[in-house]
Every structure is written in C-alpha cells, then in structure tokens.
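Let me begin by presenting the structure, written as structure tokens, before commenting on it.
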Amino acid sequence: MGTESPADGGDVKPDTNTNNNNNNSNNNRRNRKKKKQQQHRVSHEKSNFVGQDKSLATINSSGSSANKVTQINTLVEDMRAFAAKNLGSNAARSIINKEKVVLNPPDETKFQTKGDDGTTTMSKAQELMFSKEYDRHLKDKHSLDEHLARMFHITLGQCDDGIKATLAEDDDYKAVNEEMNVIKLIKMIEGICFNSDSTTEPIFALIQALISLVTLRQGDRHIDDYLKAFTETLKACNEAFGGEHAFLKAFSDKYLTIICKENGANKNFLSSDNKKEYEKQGRDRMEAMLFLVNADRSRYGTTVDALRQDYIKGSSTYSKNLNSAYALLRSVKVKKKEPYVPRDTGHTFNTDGDQDGETLVNDGGGNKQRTPCPRCGRTNHTLSECRAKYHDNGTLLHMEEVQSVGEIEDNIEDNAAIGDENGGAEHVF
C-alpha cells in the first residue's frame, strides 16, 4: 500500500524546505539585529562623553563647528546657573560676563568724621564698623577666588580628551592651569570651538566659518531651533573673523551706500553718530535677510515671496532685524505636510481611514493598524508625532523607503532593542 496522502485522510508531512527557509530567515534577522545592537553600542561608547558632572553640558572634540559652538554656549549657561545656585551671584556674574567681578574695599571716608579745620577723625565705634566691613570684603574676595577655582576644575571636567589635548598645545595654558583661571579657560575653549584648533590652516578655518553661515538651511527644524542654530552659527562666523559683528562689519561701506541712498543722504558728510547708526541698521538688516532667505521654502516660501513682491510694488516690508524676522515667521500658520506612504508593502489600504484621518492598513487577517511611520517604521504614532533624532546638519533620521513587511518588523525590533539598552530614552535608527 502506498504512502497516504492528505487527500486520502493521511497526516500532512512538514515541508522541510519551507521550514529551513523560515529558520534561515529568522536566523538572518536575529544576526542583523545583533549586529546593529553591537554597532550602536560601540558608537554610543565612542561618541557619548558624559563629563565630570552629568547635569552640565560637555565639549566634544568630534562634530561640526556649529555643534561645538552650541556646546560651549550651553556649557557657559549651565555653569552660570550652577554658580548662581551653589556659589553665589558674584561667581555667576563672572561666568556669564566672562570677566571676574571686581570687589572694591569699603570706602574708609564713609566711616570718618570731618572737623571744622578740614581734618578727619575716626571714633572707636567707626573704627569697629570699618573693620567689620573690611573683614567682610576680604571674606567675599576669598570666597570668590575659591568659587572660581572650583569652577575651573568643573569646566575642565566637562571637556573630552581631544579638547584637553588641544588646550595643552596652547602656550598660555600652563599659566592658566596654575592660576586655575576659569575665565581664561572658557575663552580658550571658545577659541577652539569658534576657530577650530591649531591643526587647522587659518584661511581654511575662515572659509569653513563662512560656508557654515551662508549654506545654513532651516530644513526640518522647528522655527525656534532654526533661530538658535542661526544665531550660534552667526556668532561662530563673527568670532572666526575677529569678534562681535566682525564678519558683518566687512560690508559696512556697502551698508552706508545703500542706506544713504534710501534716506537721500551723502555718506561723505555723515556725522560719526549717523555713520555708526547706519552701519548698525545695515548689519541688522543683513542678519534678518539671511534668516529669511534660508528659511524652509515649503513652509515660508509664500511669505518671503510676498515681501519681494511688496518691494517691487514700492513698499518695502522686509524685516529690519533678526527679532522681527523671527516674529514674522512665527506668525505664519504652517500647514502640516502630508505623511509619506511607503511603496507597495503587500497590504491593502482602507481608504476610509480612522477617526484621526490616518490611513489604516489591513494585514490580510482582518486586523487594521496605522501605516508605519516612514521615519522610523513604528506604527504607534503618526508622522507629525515622530520624535526621531536629528543628524548633525539638522536633517531628520528617516527610512528612505520601506520595501517589505519584514524590513518594517526588523526596524521596529531593532529600535525596541536599542531603546531597551538606553532605558527607553532614545528613538534611534
């Protein structure tokens, strides 16, 4: 009698080829996940420098100049807040102004009595009061020195080995270290962040600063994040060219020509005060214009085009400074972009959608779920709710295309595994 077949009522024999293929697929998927986890772990260990105090910002030698500028600005603000909370107002003011607060001794004449003959005397009570005031002055002065020395060690502890090595190359660092001068230390770190380091050719550093400002684009950034990136990049560019407003001052003569023409004035006969005012107006307008023209066209292009049309009509409505340009874009009602739908995933779509207006997917078994987010591959949120991390240049991490259900599942599993490693704090791909 022959072997029983399913048609004859016999048992169905397993398809060994299919099982092997499934096992191989599962093994490959597990191997890919394990490899991604290992790569993430290595990358995490290399790039995430924590610093001496985890509550304060750190300065990392890796990354772009714009990132370093953000880091030093954040660290200075963190140090100011730390000093105000733990060390007192004098230390905080010294940090934020980058200049040690001068504590003047008490005025001895305020404790003296002037006689009719012009001579001054001091009674025992006045001498005691003056002595107490002077002791308090010496105590405050000593405390400030101790607080700033403590801040020196904290600041240095927030720098990674690369920054410390660059500091050590500076001829002045030995004296700064011996004095524990936190003000000079901060300025030296700023020099590294703003102007790169001694291994960078000076002219090349200027070109880098110029390109970083001119080519800065808003991209997917929120308007507030764009303003922060813009101001920090502008500051870095100015510092690279010599200090506050140094880069924009290079166009001062052109500013004068433009604004004098607008006002019907002759720049050769301008007073010193008018000249300074016109130059400031030019710098302010230049900042505003750079901010406007580099804003995201998909969101603010219509607004910027309207400004140009107003100018052609003879009514200039361009913003006069950075604050007004920011306020203008903030006032624009931006429409939400349509979510990107991955190409054929083997699913059928319910065109009715759910109650939130998001497309639902039928997995073939009657179960419906949201379309996977094109940025991260998850299905528990919409595109507008996605909190994927940003690249250094400001663009969002995202999935180019979702080819298949298996790839979606891979990404979801990998993301969950990485999130578990980090306590669920990160959303990384």
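The values are calculated or read from the model by the stated rules, or taken from the named source; none is laboratory data. Because the structure is a prediction, the values reported are computed rather than measured. Heads up, the Cβs are rebuilt from the backbone with ideal geometry, glycines too, and the neighbour counts pull from every protein chain shown.
Restricting attention to the range 322-335, which residues are touching a residue at least 12 places away in the same chain (Cβ under 8 Å) and not in a loop (DSSP other than H, G, I, E, B)?
322, 324, 325, 326, 328, 329, 330
Test each condition in (1) surrounded by 18 or more Cβ atoms within 10 Å (Cβ to Cβ); (2) of a type in the set (Ser, Thr, Tyr); (3) more than 25 Å from residue 234 (Cα to Cα) for residue 278 and report the one that comes out false.
(3)
Only one of (1) of a type outside the set (Asp, Glu); (2) surrounded by 13 or more Cβ atoms within 10 Å (Cβ to Cβ); (3) modelled with pLDDT of 90 or more is not met by residue 312, so which one is it?
Checking residue 312 against (1) of a type outside the set (Asp, Glu); (2) surrounded by 13 or more Cβ atoms within 10 Å (Cβ to Cβ); (3) modelled with pLDDT of 90 or more, the one that fails is (2).
Evaluate the following for residue 77: is it charged (D, E, K, R), under 26 Å from residue 212 (Cβ atoms) and surrounded by 14 or more Cβ atoms within 10 Å (Cβ to Cβ)?
Spelling it out, residue 77 is indeed charged (D, E, K, R), under 26 Å from residue 212 (Cβ atoms) and surrounded by 14 or more Cβ atoms within 10 Å (Cβ to Cβ).
Taking residue 57 as meeting all but one of (1) hydrophobic (A, V, I, L, M, F, W, C); (2) in a helix (DSSP H, G or I); (3) in contact (Cβ under 8 Å) with a residue 12 or more places away in the chain, write down the number of the exception.
Only one criterion in (1) hydrophobic (A, V, I, L, M, F, W, C); (2) in a helix (DSSP H, G or I); (3) in contact (Cβ under 8 Å) with a residue 12 or more places away in the chain is unmet by residue 57, namely (2).
When you go through 243, 219 one by one, which is the residue that is under 19 Å from residue 300 (Cα atoms) and of a type outside the set (Ser, Thr, Tyr)? Give the derivation first.
Working: 243 fails: under 19 Å from residue 300 (Cα atoms).
Going through 243, 219 in turn, the sole match is 219.
Which residue pairs have Cβ atoms under 7 Å apart, sit 6 or more places apart or on different chains, and have a first residue in the range 162-181 that is without any contact (Cβ under 8 Å) to a residue 40 or more places away in the chain and closer than 19 Å to residue 61 by Cβ and a second that is polar (S, T, N, Q) and part of a loop (DSSP other than H, G, I, E, B)?
From residues that are without any contact (Cβ under 8 Å) to a residue 40 or more places away in the chain and closer than 19 Å to residue 61 by Cβ, the pairs are 169/198.
Mind checking which residues of the range 230-286 are in a helix (DSSP H, G or I), aromatic (Phe, Trp, Tyr) and within 21 Å of residue 325 (Cα to Cα)? If you could, list the steps in order and put the result at the bottom.
Here is the first cut: in the range 230-286, the residues in a helix (DSSP H, G or I) are 230-240, 246-249, 252-263, 267-269, 272-286.
Within this subset, residues satisfying the condition of being aromatic (Phe, Trp, Tyr) are 230, 247, 255, 269, 278.
230, 247, 255, 278, listed by residue number.
When you scan the range 89-129, how many residues do you find that are small (Gly, Ala, Ser) and either assigned to a loop (DSSP other than H, G, I, E, B) or farther than 26 Å from residue 143 by Cβ (or both)? Even if it seems obvious, please write down each step before you answer.
Narrowing the range 89-129 to residues small (Gly, Ala, Ser): 89, 91-92, 94, 115, 118, 123, 125.
Filter again for either assigned to a loop (DSSP other than H, G, I, E, B) or farther than 26 Å from residue 143 by Cβ (or both), leaving 115, 118, 123, 125.
Number satisfying all stated conditions: 4.
For residue 132, indicate whether it is out of contact with any Pro (no Cβ under 8 Å at 6 or more places or on another chain), assigned to a helix (DSSP H, G or I) and modelled with pLDDT under 90. Working first, answer last.
Details: out of contact with any Pro (no Cβ under 8 Å at 6 or more places or on another chain): yes; assigned to a helix (DSSP H, G or I): yes; modelled with pLDDT under 90: no.
Considered against the rule, which asks whether it is out of contact with any Pro (no Cβ under 8 Å at 6 or more places or on another chain), assigned to a helix (DSSP H, G or I) and modelled with pLDDT under 90, residue 132 comes out as no.
Right, residue 62: at pLDDT below 85 and assigned to a loop (DSSP other than H, G, I, E, B) or not? Spell out how you get there, then give the answer.
Details: at pLDDT below 85: yes; assigned to a loop (DSSP other than H, G, I, E, B): yes.
Criteria met by residue 62.
Restricted to the range 209-228, and to residues that are touching a Ser or Thr at 6+ places or on another chain (Cβ under 8 Å) and in a helix (DSSP H, G or I), which residue is surrounded by the fewest Cβ atoms within 10 Å (Cβ to Cβ)?
Kept after step one, since they are touching a Ser or Thr at 6+ places or on another chain (Cβ under 8 Å), are these residues of the range 209-228: 209, 212-213, 216, 219-220, 228.
Within this subset, residues satisfying the condition of being in a helix (DSSP H, G or I) are 209, 212-213, 228.
Working: 209: 25, 212: 18, 213: 21, 228: 14.
This residue is 228.
Specify the residue that is modelled with the highest pLDDT; the eligible residues are those in the range 222-238 that are charged (D, E, K, R) and more than 15 Å from residue 283 (Cα to Cα).
Taking the candidates together, the pick is 224.
Here is a yes/no grid of residues against (1) closer than 30 Å to residue 222 by Cβ; (2) not hydrophobic (A, V, I, L, M, F, W, C):
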{"residue": "252", "(1), (2)": "no, yes"}
{"residue": "259", "(1), (2)": "no, no"}
{"residue": "270", "(1), (2)": "no, no"}
{"residue": "299", "(1), (2)": "yes, yes"}
{"residue": "317", "(1), (2)": "yes, yes"}
{"residue": "332", "(1), (2)": "yes, no"}
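How many residues does the range 298-321 contain that are within 29 Å of the chain's Cα centre (by Cα), of a type in the set (Gly, Ala, Ser) and part of a helix (DSSP H, G or I)?
Counting residues in the range 298-321 that are within 29 Å of the chain's Cα centre (by Cα), of a type in the set (Gly, Ala, Ser) and part of a helix (DSSP H, G or I) gives 2.
In this structure, does residue 70 turn out to be closer than 25 Å to residue 50 by Cβ and at pLDDT below 90?
Working: closer than 25 Å to residue 50 by Cβ: yes; at pLDDT below 90: yes.
It is true that residue 70 is closer than 25 Å to residue 50 by Cβ and at pLDDT below 90.
Just checking, which of 141, 132, 114 is surrounded by 14 or more Cβ atoms within 10 Å (Cβ to Cβ) and of a type in the set (D, E, K, R)? Steps first, please.
Numbers: 132 fails: surrounded by 14 or more Cβ atoms within 10 Å (Cβ to Cβ); 114 fails: surrounded by 14 or more Cβ atoms within 10 Å (Cβ to Cβ).
None of the others qualify; the one that does is 141.
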